[in-house]
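Below is one structure, written out as structure tokens, with a few remarks after it.
The values are calculated or read from the model by the stated rules, or taken from the named source; none is laboratory data. Just so it is clear, the structure is predicted and the values come from calculations on it, not from any experiment. Cβ atoms come from the backbone with ideal geometry, glycine included; neighbour counts cover every protein chain shown.
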């Protein structure tokens, strides 16, 4: 299992008329969280794309429990629970400064060969970097 936490401060423009973080903004927050997790592992989206691999989102689901508000400092915990192959599944938990769980979400992304526009296996270098987190003790 791989876990990484990031923090995001809610900007005024990200709130709706009720003062809540607009629900659609969480997709962007989760993108930041998964990009930072990959960066922690020594990878970034830009380099993957330069190497001919894209990672489009196949599925996205979210369950909301409590709202976040302007100027809240959110912690987004991103987890990969199983070793990826041609797909990688991220789970997210968003907490406020009181450590209250605000939502729980999942995204599934697919490794795609950019030139052929076809699914491919996870790049070998990425597989090597992730393998250490999934070895059985």
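Would you confirm whether any residue within the stretch 60-81 is under 14 Å from residue 111 (Cα atoms) and surrounded by fewer than 13 Cβ atoms within 10 Å (Cβ to Cβ)? Checked against the condition, which is being under 14 Å from residue 111 (Cα atoms) and surrounded by fewer than 13 Cβ atoms within 10 Å (Cβ to Cβ), the stretch 60-81 yields no hits at all.
Restricting 91, 75 to those that are without any contact (Cβ under 8 Å) to a residue 40 or more places away in the chain and outside any loop (DSSP other than H, G, I, E, B) reduces the list to 91. Screening 31, 49 for residues that are modelled with pLDDT under 95, in a helix (DSSP H, G or I) and either over 17 Å from the mean Cα position of the chain (by Cα) or within 15 Å of residue 109 (Cβ to Cβ) (or both) leaves exactly one candidate, 49. Among the conditions (1) more than 19 Å from residue 2 (Cβ to Cβ); (2) in contact (Cβ under 8 Å) with a residue 40 or more places away in the chain; (3) part of a loop (DSSP other than H, G, I, E, B), residue 99 misses just one, which is (2). Scanning the stretch 75-90 for residues that are touching a strand residue (DSSP E or B) at 6+ places or on another chain (Cβ under 6 Å) and under 19 Å from residue 39 (Cβ atoms) yields a total of 9. Could you please find all residues in the stretch 102-125 being part of a loop (DSSP other than H, G, I, E, B), in contact with a strand residue (DSSP E or B) (Cβ under 9 Å, 6 or more places away or on another chain) and either surrounded by 14 or more Cβ atoms within 10 Å (Cβ to Cβ) or on the phi < 0 side of the Ramachandran plot (or both)? Matches in the stretch 102-125: 111, 114, 120, 122, 123. Could you look through the stretch 1-28, keep only residues that are within 12 Å of the chain's Cα centre (by Cα) and within 24 Å of residue 121 (Cβ to Cβ), and pick out the one that is surrounded by the fewest Cβ atoms within 10 Å (Cβ to Cβ)? By that ranking, first place goes to 3.
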